[in-house]
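The block underneath contains the structure these notes are about, expressed in structure tokens.
The values are calculated or read from the model by the stated rules, or taken from the named source; none is laboratory data. Please read these numbers as outputs of a predicted model, since none were measured by experiment. No Cβ is skipped: glycine too gets one built from the backbone with ideal geometry, and neighbour counts run over all protein chains shown.
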Amino acid sequence: MDKNGARPYRSVLYIPASRERALEKARELAADAIIFDLEDAVSPEEKVRARELLTRVLAEADYGARARIVRVNGLGTEWVEGDLAAFGAHPGVDAVLVPKVNSGADLDAVAGKAKAPLWAMLETAKGCLHAGAIAAHPRLEGMVMGTNDLGRELGARFRSDRLPLLAGLGACVLAARAEGKVIVDGVFNAFKDEAGLRLECEQGRDMGFDGKTLIHPAQLDIANEVFAPSEADVELARRQIAAYAEARTRGEGVAVVDGRIVENLHVAMAEALIGKAEAIAAGAV
């Protein structure tokens, strides 16, 4: 079990909704979730055709345990009403992802037009500043960082440590955790740079993200590995649970494992980690 439910979101892969071959191939990829993108990945002249294609594909195709998330076009565009009409209550859609959410009011504008759970793209300065109110929206299930757009709006320079983005990333993680919502990190653009991807995945994992959005299938293995508990993690968690249980039978409130104190909060974390590993194993795609 991840921090927010039984379904893991280690790897969340963007697929252009206009590319039929990519939509077909996605059924075989080891992604925990797929974002079928009607927004940035589709040119204006292809928007309507992509919507029609995706409507048909999601009605017919079996994507197994993968979460199916549709990113609609932005509020105020000429396509968003049609997107919401097509996918807001589509039986093949698990969630609707709203781009460039700046406030809870933006989700209000969509909520009455979509029965599916809502996800929000956090990719603007306003969005990060209002992350608490966005995360608290009753229809919201998940949050996705849009680090490319956020960096552009901030006028930030690219750094491998993402220092210019950390304030915004941290604010959004705090908001998601305060409200018990899923949150996944932004994309890593250099899809052939495996070392760089691993470092950024490790940073996101250590910050508290549930997983990472990806732009290429070649990135799946690293994201799935980094955001999953390792065998050593699971073994340590089991020892912590056992040691604490033994300590409690002696009337003690803490245990010691590998020279470190184990209290009830550590047991809760250990149980969540084991649950996540079991959920990944049960839903392996």
Quick check on this structure: which one of Phe209, Phe227 is in contact with a Ser or Thr (Cβ under 9 Å, 6 or more places away or on another chain), at pLDDT 95 or above and aromatic (Phe, Trp, Tyr)? Phe227
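Could we say that Gly151 is modelled with pLDDT of 95 or more, within 21 Å of Ala133 (Cβ to Cβ), in contact with a helix residue (DSSP H, G or I) (Cβ under 9 Å, 6 or more places away or on another chain) and not hydroxyl-bearing (Ser, Thr, Tyr) here?
Answer is no for this residue.
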Residues located in the range 58-102, provided they are surrounded by 20 or more Cβ atoms within 10 Å (Cβ to Cβ) and assigned to a helix (DSSP H, G or I): Leu58, Val80, Asp83, Leu84, Phe87
Determine whether Ala175 is under 25 Å from Lys276 (Cβ atoms), surrounded by 14 or more Cβ atoms within 10 Å (Cβ to Cβ) and more than 13 Å from the chain's Cα centre (by Cα). yes
Could you say which residue among Glu202, Glu141, Glu194 is surrounded by fewer than 23 Cβ atoms within 10 Å (Cβ to Cβ), assigned by TED's automatic domain parsing to the domain that holds Val96, touching a residue at least 40 places away in the same chain (Cβ under 8 Å) and of a type in the set (Asp, Glu)? Glu141
Output for Cβ contacts, cut-off 6 Å, separation at least six or different chains, first residue within 15 Å of Gly186 (Cα to Cα) in the range 216-230, second at pLDDT below 95 and of a type outside the set (S, T, N, Q), reads His216/Phe191; Gln219/Phe191
Could you please tell me which pairs satisfy a Cβ distance under 6 Å, a separation of 6+ or placement on different chains, a first residue in the range 19-43 that is of a type in the set (Phe, Trp, Tyr), and a second residue that is surrounded by fewer than 19 Cβ atoms within 10 Å (Cβ to Cβ) and at pLDDT below 95? none
Filtering the range 247-285 down to residues that are assigned to a helix (DSSP H, G or I) and among the β-branched types (Val, Ile, Thr), which residue is surrounded by the fewest Cβ atoms within 10 Å (Cβ to Cβ)? Thr249
Write out, first by first residue and then by second, each pair whose Cβ atoms fall under 8 Å of each other, whose residues are 6+ apart or on separate chains, and whose first residue, in the range 259-285, is within 30 Å of Glu28 (Cα to Cα) while the second is assigned to a helix (DSSP H, G or I) and among the small types (Gly, Ala, Ser). Leu273/Ala237; Ile274/Ala237
